Structure formats: C-alpha cells, structure tokens
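The values are calculated or read from the model by the stated rules, or taken from the named source; none is laboratory data. Being a predicted model, the structure only gives us computed values, none of them experimental. Every residue, glycine among them, receives a Cβ derived from its backbone with ideal geometry; neighbour counts consider all protein chains shown. Calculation scope for accessible area: heavy atoms of the full protein, side chains included, ligands and nucleic acids excluded. Shrake-Rupley method; radii C 1.70, N 1.55, O 1.52, S 1.80 Å.
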Amino acid sequence: MKILTFGQTGQLANALKCTQPDTIELIQLTRQQVDITQSQLIYEALAHYRPDIIINCAAYTDVERAESNTTQVMQTNVDAVRFITHVARQLGIRFIQLSTDYVFNGCSPTPYSVSQIPSAINVYGHSKLLAENVILQQQSNQFCIVRTSWLYHHSGKNFVSTMLHLMSQTSEALPSINIVNDQTGSPTLAEGLAHFLWKLCLQNHWSPIYHWSDAGMCTWYEFAQEIQSQAFALGLISSKVPLIPVTSQAYHSRVKRPAFSVLDTKASHSIFKPKPWQQQLAQYLYSCSLIKK
Ligand SMILES: NC(=O)c1ccc[n+]([C@@H]2O[C@H](COP(=O)([O-])OP(=O)(O)OC[C@H]3O[C@@H](n4cnc5c(N)ncnc54)[C@H](OP(=O)(O)O)[C@@H]3O)[C@@H](O)[C@H]2O)c1
C-alpha cells in the first residue's frame, strides 16, 4: 500500500515515519517539494505518485499567530484541503484529513462524541472546521476526518518540550512557572496517533469522523505537574520549580481556547485502543533520557 503525506517536517509526519510498517510504502513531501497552497503542485504530485491514501499532515498549526494571519491560515487549512479533496476524488485516492479538538467551543461538560455539532472559537479552529465540512460534503466512505488533541512528538515544539526547557532553567532565571488550570483536554503522543492511522489505513470503508487521543484527561497545569514529576524521577531535570496554577484570563493570551476539549474516543477503540496519557508521557520522557545519555 502506498501512502502519501503532505507536511514532512511536522510532528505527526515524523511519527508516521518512525512507526512505518514494512508493508507500507511511505512518500513524504516537504513544503519545498509541495507547498499545499499551490494547487498545481498538489495535482502534479498526486498524479505522479498515485498513492492509495493521502494523510494530510500539513497545516497552519500556530494557534496564536493564526489570529492575525487569517489569509494564510485559510489558504493552508481550507483551500488546500478543498483542492486535495478534488484531485483525490478525480484520481480515486482515499484521503484522511487531520483535525482538532479546537473545532469545539469547550462548553460541553462531557467528552465530545463524533456526532456532536462543532462550533469553533478561534481562527485556527474555525479553519479546521471549514476543512472538515469540505470532507463531509463528499459523503464518501473513502474520505475521513481524524480529530486529535494536545499532540506532542520529539520532532516538534510542543507543551512537553516547552515545559522541559523551562523546568531546566535555574531558579534565579525562573523562580516559578504559571500554568493554565482552567482548560481540560487529552494529551496525545504522536506515535500513538500514528499507530491508529496505520490501522485505519487497513480499513476498507471509513466512518466520516474519528476521534483519537491518549486515554484520560487533565488540565495544562496537571499535565505540567506530571511532566515535572516524571522528568525529575528520570533525572531529566535536576530540581523542581514551583508550578503556579492560573486562569486563562490571567495568562493574557489573545486567543480564546476551549475550556473543555476532551474527545470521546470510544468509537475508535475497535480499531486501536489508546493508552493512558501518563503512560505515553513516560514512554516519551524515557526516550528523552536515553537521548540525554
Ligand atoms: N499540534 C497539536 O497539538 C494538534 C492538535 C490537534 C490537531 N492537530 C492537527 O494534527 C495535524 C498534524 O499536526 P502537527 O502537530 O504534526 O503539525 P506541525 O508539527 O505544526 O507540522 C505542520 C506541518 O505542516 C507543514 N506546512 C505548513 N504549511 C504548509 C504548506 N503551505 N505547504 C506544505 N506544508 C506546510 C509544515 O511545514 P514547515 O516545517 O515547512 O513549516 C509542517 O511540516 C494538523 O492537521 C493539526 O491541525 C495538531
């Protein structure tokens, strides 16, 4: 089976590369090879490689900058997806589009199921929701959306890498760290998502939407506490800096983020069962400790 991904340098693309099964031929295209805002380049690549499945790992993912870069966000996250969909349909290629928990407004008291109506509250979430609608309009079991949340991988700048960096500062340089404690979600180790996607590729027919994250939920503050405790135990950091729980309001971000964006992943468990987020974090930090040695 031949799989093609756009966005070769990203976290998920790297995780797919690291977990690639022997039976899969994986073609990964960099932005330099195919800038997905250039529709002609998309067409030429797909017509040339003729993959069985496209997994679109490319996206404008900087949630903060998205607020002031709407044109670029829409071109990358919506227009490109529309064109990939168009060419995929024309050439008979199956297509998996990655999406996000940020398509939800965060007002639900319980995890979001795939059938719940999304309503985004920031530019990034809105753009990903528009892309979802492009896929859903196809009404094809050869196209699907995989929503995920709080993704992290060694190759990327993410919450875990940022925390490890901050927690390695001296207490004079950084006496404490303020962490938002009123946003709840589910961390996702990118390798776990990659394993799920490989299993999904083997299914002949897809549901319109899948949810995937590691099992369980936490606030960013609780996530940071767990990172610190595990990293300290592994010797990745030499001391513990005080972590201060703060509200989103006190954090002064210009982006609204959902207060609760946990995805209900139960419907995906028959394909691949997620592990608890703490266990996935332990695997990630253990490999960090091996790299450090
Ligand atoms: N990160 C998260 O917490 C999170 C959460 C939920 C959902 N998701 C979704 O999961 C998917 C994968 O996320 P990720 O964290 O792996 O993303 P990422 O690490 O930010 O990588 C994004 C990739 O997209 C590429 N890209 C951006 N604009 C492009 C363009 N015009 N043409 C070609 N490539 C372009 C980037 O290339 P350059 O290196 O050249 O910039 C990079 O390779 C995305 O759809 C994202 O929306 C992510």
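Quick notes
- Residue in region 123-137 that is among the hydrophobic types (A, V, I, L, M, F, W, C), part of a helix (DSSP H, G or I), at pLDDT 95 or above and surrounded by fewer than 16 Cβ atoms within 10 Å (Cβ to Cβ) present: yes
- The set of residues from region 1-56 being out of contact with any helix residue (DSSP H, G or I) (no Cβ under 6 Å at 6 or more places or on another chain), touching a residue at least 12 places away in the same chain (Cβ under 8 Å), open to solvent by 50 Å² or more (accessible area, probe 1.4 Å) and within 8 Å of the ligand (Cβ to nearest atom) comprises Gln8, Thr9, Arg31.
- Within region 160-202, no residue satisfies the criterion of being within 11 Å of the ligand (Cβ to nearest atom) and surrounded by fewer than 17 Cβ atoms within 10 Å (Cβ to Cβ).
- Qualifying helices (runs of 4 or more DSSP H) (wholly inside region 188-272; at least 3 residues being closer than 30 Å to Val114 by Cβ): 190-201, 220-233
- Residue satisfying all of: in region 75-119; open to solvent by 30 Å² or more (accessible area, probe 1.4 Å) and of a type in the set (A, V, I, L, M); nearest to Ala215 (Cα to Cα) among these: Val114
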